[in-house]
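Engineer: This is the structure, below, for whatever I ask next.
Just so it is clear, none of the values below were taken in a lab; they were calculated from the coordinates. All values reported here derive from a predicted model rather than from experimental measurement. A quick note on method: Cβ atoms are made from the backbone with ideal geometry, for glycine too, and the neighbour counts reach across all protein chains shown.
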Amino acid sequence: METGGSLVQAIRKPTLTPKAIIHQKFGSKASYTVEEVEEPTQNGCPGLAILQKGPCLYRCSLELPDFTVVSGSFKKKKDAEQSAAQIALEKLGINLSSDNPTAEEAWRELIARVKYIFSNEFLSALHPLSSHFKAALRRVGDLNASVPASVIAICDGKLNNLCKIINPTVESHPLLVLSYIMRAAAGLPELVVSAEGQLSIWRKDPYPPNVIESSISQQSDVAESITTTAIYIPCSPEKAVEPVILNISSTGYYLDVIGQILGLSDANMVLISRTIGKASSETRLYFAAPKSYPLDMSSDLLNAKVVPFGGPLNAKASSLCGQDIYGDSILASIGYTWKGQDIFHEDVTLQSYYRMLISKIPSGVYKLSREAILAAELPLTFTTKTNWKGSFPREILSSFCRQYRLLEPVFCVSSIPLKASSELSRSNNKPEVSESAEQEREYANENESVDVDPKLAVLGSSFTCEVKIYAKGQDLILECAPDVLYKKQNDAVQSASLKVLSWLNAYLKDTYMSLEKEKQLANVFDIKFYRQIFFKEVVKCLSVCNCQHNETLGGKEPELNGVVENDASYINIEGTDSGLCPSNGSLLCVCYSVSLVTKGELQKELLESIEEFEFEMGTGAVIPCLEAVVSQMSVGQSACFYTELPPEDLVLAAAKDLANALAFLTSPCCLEYSIILLQVTEPPEDRMEQALFNPPLSKQRVEYAVQHIKEFCATSLVDFGCGSGSLLESLLEYPTSLETIAGVDISQKSLSRAAKVLHSKLVMKSDFDAPCRSIKSAILFDGSITDFDSRLCEFDLATCLEILY
């Protein structure tokens with residue numbers, strides 16, 4: 001474990017993309033047309049004509065009022081569009097600069113932005129903030145046209161970006177934006193007014209009537225009132241979280257309603273959090289600023305201070321959004337969006353609140369992806385893509401990073417040539433692996449954010465993956481570099497992601513573990529993490545999750561009171577033994593239900609049920625007690641068992657009827673699991689072989705054959721039943737006297753794959769100091785070992801491995 005880190009090569013993105021600049025200048029007058037193009041491909045291999053389809057490429061035509069440009073060919077449509085925009089900018093003489101403005105320049109732009117926001121033109125713009133301005137015009141009395149500064153802070157992305165340039169600490173302390181907005185408004189006395197001690201701004205001169213009429217006409221007719229459900233989250237840990245109803249009249253302002261529930265007279269002192277969940281979401285936390293909210297109005301732009309609240313921290317609310325929330329708060333999904341002028345709203349229920357809470361932990365994200373909160377667990381290993389169910393590890397890791405405002409994880413894949421991987425596998429006592437280059441190229445085309453050497457991807461037969469996670473400030477938080485080899489690039493990426501997720505689950509379960517245990521845990525999962533930055537960016541946001549979810553979400557087995565292991569009479573298994581029993585590696589399909597039952601089974605409340613739930617046996621994909629019971633069953637049998645209650649938040653996140661579930665939880669109760677084992681699918685033969693033999697028998701046979709071939713000093717060889725060319729491919733990796741190799745097989749599909757692999761290696765051999773330089777050609781024949789072929793008579797040596805006759 002390391003104690004500090006930083007991003008060595010920080011890549012700074014341009015302020016605006018070429019397409020964004022074109023949109024700024026031309027708007028709807030810029031027309032993009034993307035077409036699919038085909039490019040010719042070479043024949044797969046000498047000796048065998050194979051029709052090959054080239055990669056799917058796209059070309060973009062950008063039509064502007066004065067000219068049209070056409071891009072080159074790209075694998076992604078968006079790249080073709082950006083290329084066309086870049087060509088147009090060059091033709092216009094516009095240089096795309098990646099340099100960010102200085103703090104002083106950003107401050108001037110910020111003042112100009114505030115000035116534009118309060119202009120007549122902006123009121124009619126299609127922008128979420130302009131909708132707030134129109135709603136503010138409906139406020140009565142002294143509040144008429146008064147816009148809360150917190151609304152400006154959260155609705156205008158450009159303004160936020162300028163504040164981050166002025167002071168990078170805004171990323172960690174978003175409420176600093178309020179200080180900059182109020183200071184900018186103070187610099188525009190001829191346009192706007194702000195009252196001392198109030199977090200609101202309004203125009204000095206009213207909008208002209210024609211501007212108001214024009215902007216209001218853009219809004220559609222709305223109902224007399226809007227009713228939506230929100231969640232009231234009290235600051236006191238002793239008080240319960242409860243739903244509240246927001247009733248907003250057609251002439252009212254929804255923030256005034258929220259302010260009144262928080263005990264304020266109006267919305268001007270309501271503070272608003274970041275979005276919770278997806279960036280496009282309108283789910284936010286609303287809380288009250290202190291009665292006299294002090295603003296840092298110092299002249300030093302770069303060293304503006306975070307304003308101390310002096311009030312109690314709301315730990316429950318803070319854990320949801322990753323920023324400090326003070327006092328009581330309201331969780332609501334309501335606001336104005338880019339999609340229209342009318343207000344958007346949707347109910348936030350208690351169940352959705354508890355689901356947000358458990359999603360702060362990777363295992364919780366996986367449970368939700370499977371809709372099996374009380375049965376599923378994040379698996380311990382990634383075996384195959386087909387056997388994995390639910391969100392993939394890489395997706396969950398990316399989701400975790402987005403939740404905690406971290407940069408997207410960086411994956412660096414290393415490809416190791418076959419011979420090197422064989423030697424490494426033997427030295428590490430690990431299974432040897434290989435995979436076709438075509439599959440790796442296909443995966444690389446779909447996953448361009450994965451960094452892999454294209455030359456090695458062609459020649460490579462095994463892969464490792466390193467994962468790095470950075471904070472928004474580009475400080476390195478953690479890195480994971482497993483030394484395990486995988487035959488597929490995707491498996492390496494997913495397995496490395498899963499290691500990081502497993503470590504996060506274990507560490508967030510006990511953030512106050514001893515340094516010795518901390519080091520042991522890091523070594524188990526091949527993790528190096530930078531403690532101070534990790535605590536600042538992640539652990540700080542989990543004060544509630546740590547105490548409420550650590551046992552179940554961390555993977556700890558629930559207490560069973562001897563139900564499973566010590567007293568089998570508590571397990572009721574019914575049905576005839578069919579003899580089809582699960583084993584490690586089997587893919588199982590079960591029907592299950594989970595219910596709350598009171599002691600003595602007097603009452604029962606269904607929490608969760610799935611008619612067909614699939615998981616792989618032996619990977620930790622379900623809670624341990626469920627897997628222990630299923631291991632004693634055969635197909636067609638049913639079972640029933642009981643467990644102690646998991647943390648309350650999991651029960652409430654799964655409950656179909658929250659009121660009934662809460663009533664049950666007030667009395668002694670437990671969980672009842674009912675299961676039917678529907679199907680058992682045994683693992684493929686190659687996976688079973690790898691589990692029993694190291695290296696696999698097929699690999700041992702090839703190596704045995706290669707060693708004997710070297711002893712014969714032959715110059716030509718034909719392999720009957722060559723299949724996908726495993727033996728021929730291996731001969732290219734070892735120094736031999738062979739100059740010509742050939743393969744014969746009755747399967748066109750196998751020959752096609754063999755052709756691609758052999759052709760890639762023969763073409764690329766000149767770029768590498770490979771031992772196969774003596775082999776001049778490889779030829780493949782469509783035929784059978786039982787049919788005479790005169791073309792094969794002159795070969796010095798013939799081999800035949802793993803052939804059924």
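Engineer: Can you tell me the FRET efficiency between residue 602 and residue 216 if r is taken as the Cβ-Cβ distance and R0 is 51 Å, rounded to the nearest 0.05?
Structural biologist: My answer for the efficiency is 0.25.
Engineer: Rounded to the nearest 0.05, what FRET efficiency is calculated for residue 351 and residue 802 with R0 set to 56 Å and r the Cβ-Cβ distance?
Structural biologist: For residue 351 and residue 802, the calculated efficiency is 0.50.
Engineer: Using 0.36 nm per residue, how much length does the chain from residue 715 to residue 536 gain when fully extended, once their Cα-Cα distance is taken away?
Structural biologist: Extra length available between residue 715 and residue 536 comes to 57.9 nm.
Engineer: Say the cut-off is 28 Å between C-alpha atoms; which of 76/164; 29/76; 519/699; 517/656; 25/339 go over it?
Structural biologist: 76/164; 519/699; 517/656
Engineer: Can you pull the one-decimal nm distance between simple spin-label points at residue 344 and residue 657, each 7 Å off the Cα toward Cβ?
Structural biologist: 3.4 nm
Engineer: Something else about it: So how far apart, in nm, are the two label points at residue 785 and residue 122 if each is 7 Å from Cα heading toward Cβ?
Structural biologist: 8.0 nm
Engineer: Find the eigenvalues of the gyration tensor of the Cα atoms of the range 572-681, then list the square roots of 5 times those eigenvalues as equivalent ellipsoid semi-axes, largest first, in whole angstrom.
Structural biologist: For the range 572-681, the ellipsoid semi-axes come out as 27, 14, 11 Å.
Engineer: Given 4 °C and 1.567 mPa s, how large is the Stokes-Einstein diffusion coefficient of the range 697-799 in µm²/s, with Rh as the Kirkwood radius over Cα pairs?
Structural biologist: In µm²/s, the coefficient rounds to 94.
Engineer: If you don't mind, another one. Under a plain spin-label model, where a point goes 7 Å from the Cα along Cα-to-Cβ, how far apart in nm are residue 774 and residue 191?
Structural biologist: 8.0 nm
Engineer: Something else about it: How far, in nm, would the chain grow between residue 247 and residue 632 when pulled straight, counting 0.36 nm per residue and subtracting the alpha carbon separation?
Structural biologist: Length gained, residue 247 through residue 632: 133.1 nm.
Engineer: Rounded to the nearest 0.05, what FRET efficiency do residue 666 and residue 20 have when you use their Cβ-Cβ distance and R0 = 60 Å?
Structural biologist: Efficiency computed from Cβ-Cβ geometry: 0.60.
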